[in-house]
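The values are calculated or read from the model by the stated rules, or taken from the named source; none is laboratory data. Bear in mind the structure is a predicted one, so any value in this text is a computation, not a measurement. Don't worry about glycine lacking a Cβ; one is built from the backbone with ideal geometry, like all the others, and counts go over all protein chains shown. The accessibility values were calculated without ligands, DNA or RNA, using every heavy atom of the protein model including side chains. Shrake-Rupley method; radii C 1.70, N 1.55, O 1.52, S 1.80 Å.
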Amino acid sequence: MLDKYIYGAQGILLVYDITNYQSFENLEDWYTVVKKVSEESEIQPLIALVGNKIDLEHMRTVKPEKHLRFCQENGFSSHFVSAKTGDSVFLCFQKVAAEILGIKLNKAEIEQSQRVVKADIVNYNQEPTSRTVNRPRSSMCAVQ
Ligand SMILES: Nc1nc2c(ncn2[C@@H]2O[C@H](COP(=O)(O)OP(=O)(O)OP(=O)(O)O)[C@@H](O)[C@H]2O)c(=O)[nH]1
């Protein structure tokens, strides 16, 4: 069944979980299937390596160097996303589509697709604690 999806595809995303080394290792098997099917097809798909769950960077087990080496060795384009927060997901698809179409994205197009991280100043109503020796903290920064 998988070969039916792969056959004739112009782009293939090999996605793994950056916090799960096994999911990265499994890509060898997925890539083997992709290569086998592509040999039988006239269309050679663009292959993108996508590291998912970048919102869990502190739990990363697959080093970025490993990811990049795999890309370099096989001519993949490289992407990191978070399906949970949506970070870089649109950008990833936009880059893959542009590469397939042979279009070079300009800086403005790339920046437009990048998620803006908003930081609000929130009132900090608690009494100053003993740690605030110099000036009591009256506000804090919250990244959403
Ligand atoms: N923190 C975080 N969790 C994610 C992200 N993407 C998916 N998940 C979670 O990871 C779990 C597996 O997601 P699935 O969409 O089922 O992925 P899958 O590849 O189909 O996983 P399997 O069914 O286990 O093969 C779910 O609990 C998702 O909510 C992400 O970017 N960040």
With the requirement that a residue be open to solvent by 30 Å² or more (accessible area, probe 1.4 Å) and either more than 23 Å from the chain's Cα centre (by Cα) or in contact (Cβ under 8 Å) with a residue 12 or more places away in the chain (or both), what does the range 12-23 give you?
Leu13, Val15, Thr19, Asn20, Tyr21
When every residue in the range 80-89 that is without any contact (Cβ under 8 Å) to a residue 40 or more places away in the chain and not aliphatic (A, V, I, L, M) is compared, the one most open to solvent (accessible area, probe 1.4 Å) is Lys84
Among (1) surrounded by fewer than 12 Cβ atoms within 10 Å (Cβ to Cβ); (2) aliphatic (A, V, I, L, M); (3) in contact with a Gly (Cβ under 8 Å, 6 or more places away or on another chain), where does Leu101 come up short?
(3)
Conditions (1) away from the ligand (no atom under 16 Å from the Cβ); (2) among the basic types (Lys, Arg); (3) surrounded by fewer than 14 Cβ atoms within 10 Å (Cβ to Cβ); (4) within 16 Å of the chain's Cα centre (by Cα); number of the one not met by Lys95:
(3)
Hey, does the range 57-76 have a residue that's under 18 Å from the mean Cα position of the chain (by Cα) and within 10 Å of the ligand (Cβ to nearest atom)?
yes
Suppose we filter the range 24-73 for residues that are in contact (Cβ under 8 Å) with a residue 24 or more places away in the chain, closer than 20 Å to Glu99 by Cβ and exposed (fewer than 14 other Cβ atoms within 10 Å of the Cβ); how many remain?
2
